[in-house]
Every structure is written in structure tokens, then in C-alpha cells.
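Written below as C-alpha cells is the structure these notes are about.
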Amino acid sequence: MRASDAHRAIDAVWRIESARLIAGLVRLVRDVGLAEELAQDALVAALEQWPESGVPRNPGAWLMAVGKRRAIDLIRRKKLFDRKLTELGHELDPEAAASDVDAALDGDIEDDLLRLVFIACHPVLSTDARVALTLRLLGGLTTEEIARAFLVPGATVAQRIVRAKRTLAKARVPFEAPAGEERDARLSSVLEVLYLVFNEGYSATAGDDWMRPALCEEAQRLGRILAELVPTEPEVHGLVALMEIQASRFRARTGPSGEPVLLFDQDRARWDRLLIQRGLTALERAEALGGARGPYALQAAIAACHARARTPEETDWTRIAALYAALAQLAPTPVVELNRAVALSMAFGPAVGLELVDELTSEPSLKDYHLLPSVRGDLLAKLGRFAEARQEFERAASLTRNGRERALLVERAAECARNGAD
């Protein structure tokens, strides 16, 4: 196998398996930072061996086996192995002991990744640190990708992650699944994490791909598991509904060459009706539990308006604008206001939307947010102000880190230049 092919395969495997690998190792060594180091050791072993031996049939299991062997070696060196055996009450060989240690650490949440999310969302950490650390561990996102999700500098996120690991280690946080009231207290942070992971997959902030479906699928999977664990929490069902409905558009969101296809240009026959139905069912559950006014349920209701419209012209933009107004009262953020401006422009005309967007141009947190000039450019173009629109699209193109999105914005700027010349 050529080294270049092996390295590409390893990179793909790592993006898929790293979170599971770290989650499994955390159960064994009870230290997030150490688990990451062991996972990196397994990656180095793959880089050394796979170009010669080829990619194993089950690469995730191979990485986990290497990581666990190194973890056991470390436990021996630190003279912790005998203590762990005593705690378990068994006389076992190292491999069997590792298995029993894993079993002993299992709680009522049987999914390693979900357990890791709850661990990273421990109250000893600030909210920002919880979300940043979990995104790093669960989604394998880079520091820069997380920073763009938060609209903060990359150095800020890097510091949060380092401090979070140190805080967990210093506080000797038990690496177990929380239960009862403690689990409920961490739930909102967990939902926020899953939401941001899904969003990163739905519209990748960096790289050459418009979407990273694996991240969306992982967030959906964890959301479904969480809905089974806490079936009476309406916002869990609201988030599941939102993710299912948004994911239904995957096949229609890219063209033959991977280029982005915007909502109004999508072939709605390609939307996944099964996912839409699953999302609508989850939304009904949230509403039945009295959660129709939660932030995730409100966003799911907005997504449902699009899902129910067979054509763009059938979209109930007046209702969407009203839902965004309710969301803005509940979660008054600049990004929500930007989305509300789009809805207002569709319901009542581009001039109405532009008025609100212009108010947001002085918002510091949106200074480098590419969607602000992108939305403004779209509204200006609809008003026939093509020279101004071109400048906005060019600025948006300079701010985005996603290659596909940049190409789309550059083309829109060129289109405005052509229209302005007519």
C-alpha cells in the first residue's frame, strides 16, 4: 500500500474513530488529557505500521486495542494495576483486567461517547469550557472550528480546553455517568454541545467540503439515545426534531461536483421524507410535553415550516418570522436576529429585512461573521443595489474558511458585477 494512500485512509479513520477511542480510554485511565495522549500514541502506531501492513479490516478496533495496551502498560508503571484489581475483586491477566475495568466503570448510560459528553459538561467547568472541551473530544473539531462556532478568537478556545482538562484532573472528577438531579443539571449544556456538533457537520466552517455528514450523524445518534434516556424532557425531543428535519436535506444541499445548493434552489423531491416524518414526530412529542416554547423546539418548528412546503413559494414566511420573534425573546443573540431579518425580508420585503441587518453591522461579535455581509449582499441585490451587494459578497468571501462557500460567494459577487454593468 502506498504511503500516501495509507495516510489518507488513516486521516479518514481518525476523523471517524478518534472520539470513540478517547471515550473508551477515558473509562480506563480516568483522565481526559492522558486519554488523548494514548489515542495519539495509537495514531502514531498506525502511521508507522499501516503503510506496510495495510489498513486493518476493523481500524477502530485496532486503534482501541493499541490504546488500551499502552494504557495498561502505564497503569503497571504507576503501580495502579494491583489496586484496580483489588477494587474489582478479581485475579486476572492484563487484557481481562482491562475488560473488567471497563465493565466496572459502566453506568446506566451505556454509550461511551454520551458518557464522555456528560463528563465534559461537569459543573466544575464553566459553560464555555464544557462546550469547547466536548466539541474537541466528541466531534474531533479543531480549535479554529470551535472558535468560529463561538465567534471568538482561536486562542481563547485553546485556553479554555487546556484549562478544562487541568480543572477536571485537579478536581479528580469521577469519570462516570451522572444520574438523577446531577444529570438533569448538565442536560442543557449537553444539548448545546450536540447542537453545535450538528451545525459544524451541516455547514462546515472550514475545509473544502460544504458538509461533514459524519458529525451530523453522530449528533443525531447521540440525540436519539438521549431522548430514550430522558423521555420526559421536551427540549431533548425538540433538538432531535431539529436535527432530523435539517438532515433530511442532505442529498439536495450539494450539486454534482459538491458545490453548495441553497435552500430555494434545492430539488425538494430529494429531501428524505422518512427523516422529515421522524422530525415531525419528535416535535409533536416536545409539544405534547409542554415544550413548544423552548429554543430547540422553536427552531424545529421553523424547520418544519420548510419541510411542509412542497415548493419554496408555499413556505409560510409569516409564521417563520413570528417563530423567530419568539426565539429572539427567549434567546436574544445577534445570530438569531440575523435569521429573523431574513425571515422578515421574505415575509414583508427585502427593505424590511435590510433595516434590521443594518442595525447588526455594529455588533462586535458579528464583526468577522461571514453570514452578515452575505445576507446583506443578498438583500441589496434584491433591491437592485448591485454595486453595494458585490462589495458585501466579496467581504463575505474573504471571511469564510470554507472553500465551497467561498466559491459560491465569489460567483455571487461576479453576478452582481454583471447585473450592475447592464
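Note on region 162-207: residues that are crowded, with 17+ Cβ neighbours inside 10 Å, free of Cβ contacts under 8 Å to residues at least 60 places away in the same chain and not in a helix (DSSP H, G or I) amount to 1. Every test in (1) farther than 19 Å from Leu242 by Cα; (2) part of a helix (DSSP H, G or I) is passed by Ser362 save one, and that test is (2). Sort out which residues of region 393-408 are out of contact with any His (no Cβ under 7 Å at 6 or more places or on another chain), among the hydrophobic types (A, V, I, L, M, F, W, C) and modelled with pLDDT of 95 or more, and write them in order of number. Hits for region 393-408 are Phe393, Ala397.
You will find that of Gly294, Gly290, Gly258, the residue that is in contact (Cβ under 8 Å) with a residue 60 or more places away in the chain and surrounded by fewer than 16 Cβ atoms within 10 Å (Cβ to Cβ) is Gly258 and no other.
Of the residues making up region 150-160, those that are surrounded by 19 or more Cβ atoms within 10 Å (Cβ to Cβ) and touching a Leu at 6+ places or on another chain (Cβ under 8 Å) number 1.
Is it true that some residue in region 395-404 is surrounded by fewer than 19 Cβ atoms within 10 Å (Cβ to Cβ) and closer than 26 Å to His306 by Cα? Scanning region 395-404 turns up no residue that is surrounded by fewer than 19 Cβ atoms within 10 Å (Cβ to Cβ) and closer than 26 Å to His306 by Cα.
On inspection, Met243 does not qualify as in contact with a helix residue (DSSP H, G or I) (Cβ under 7 Å, 6 or more places away or on another chain), assigned to a loop (DSSP other than H, G, I, E, B), under 29 Å from Leu274 (Cα atoms) and in contact (Cβ under 8 Å) with a residue 40 or more places away in the chain. Just one of the numbered conditions (1) over 23 Å from the mean Cα position of the chain (by Cα); (2) surrounded by fewer than 15 Cβ atoms within 10 Å (Cβ to Cβ) is not true of Glu415: (2). Taken together, the residues in region 363-394 that are surrounded by fewer than 21 Cβ atoms within 10 Å (Cβ to Cβ), in contact (Cβ under 8 Å) with a residue 24 or more places away in the chain and of a type in the set (Lys, Arg) amount to 1.
Quick grid of which residues meet (1) without any contact (Cβ under 8 Å) to a residue 12 or more places away in the chain; (2) touching a Lys or Arg at 6+ places or on another chain (Cβ under 7 Å); (3) closer than 21 Å to Lys170 by Cα:
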position: Ile16; (1), (2), (3): no, no, no
position: Leu28; (1), (2), (3): no, yes, yes
position: Ala35; (1), (2), (3): no, no, yes
position: Ala46; (1), (2), (3): no, no, no
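For region 320-338, does any single residue satisfy the condition of being of a type in the set (Asp, Glu) and surrounded by fewer than 16 Cβ atoms within 10 Å (Cβ to Cβ)? Scanning region 320-338 turns up no residue that is of a type in the set (Asp, Glu) and surrounded by fewer than 16 Cβ atoms within 10 Å (Cβ to Cβ). Being crowded, with 20+ Cβ neighbours inside 10 Å and at pLDDT 85 or above is a property that Ala247 has.
Just so you know, in region 208-240 the residues that are among the basic types (Lys, Arg) and assigned to a helix (DSSP H, G or I) include one that is modelled with the lowest pLDDT, and it is Arg221. Here Gly420 meets each of (1) of a type in the set (Gly, Ala, Ser); (2) surrounded by fewer than 20 Cβ atoms within 10 Å (Cβ to Cβ); (3) at pLDDT 95 or above with one exception, condition (3). When Val261, Val157, Val162 are checked against the criterion of being among the hydrophobic types (A, V, I, L, M, F, W, C), modelled with pLDDT of 85 or more and more than 24 Å from Asp128 (Cα to Cα), a single residue qualifies: Val261.
When region 304-313 is filtered for residues that are at pLDDT below 95 and in a helix (DSSP H, G or I), the ones remaining, listed by number, are Pro312, Glu313. For region 249-273, the set of residues classified as in contact with an Asp or Glu (Cβ under 9 Å, 6 or more places away or on another chain) and part of a helix (DSSP H, G or I) consists of Phe250, Arg251, Ala252, listed by residue number. Taken over region 395-408, the criterion of being touching a residue at least 40 places away in the same chain (Cβ under 8 Å) and assigned to a helix (DSSP H, G or I) is satisfied by Gly403, Arg404, Glu405, Ala407, Leu408.
The values are calculated or read from the model by the stated rules, or taken from the named source; none is laboratory data. Bear in mind the structure is a predicted one, so any value in this text is a computation, not a measurement. Here Cβ is always computed from backbone atoms with ideal geometry, including for glycine, and neighbour counts include all displayed protein chains.
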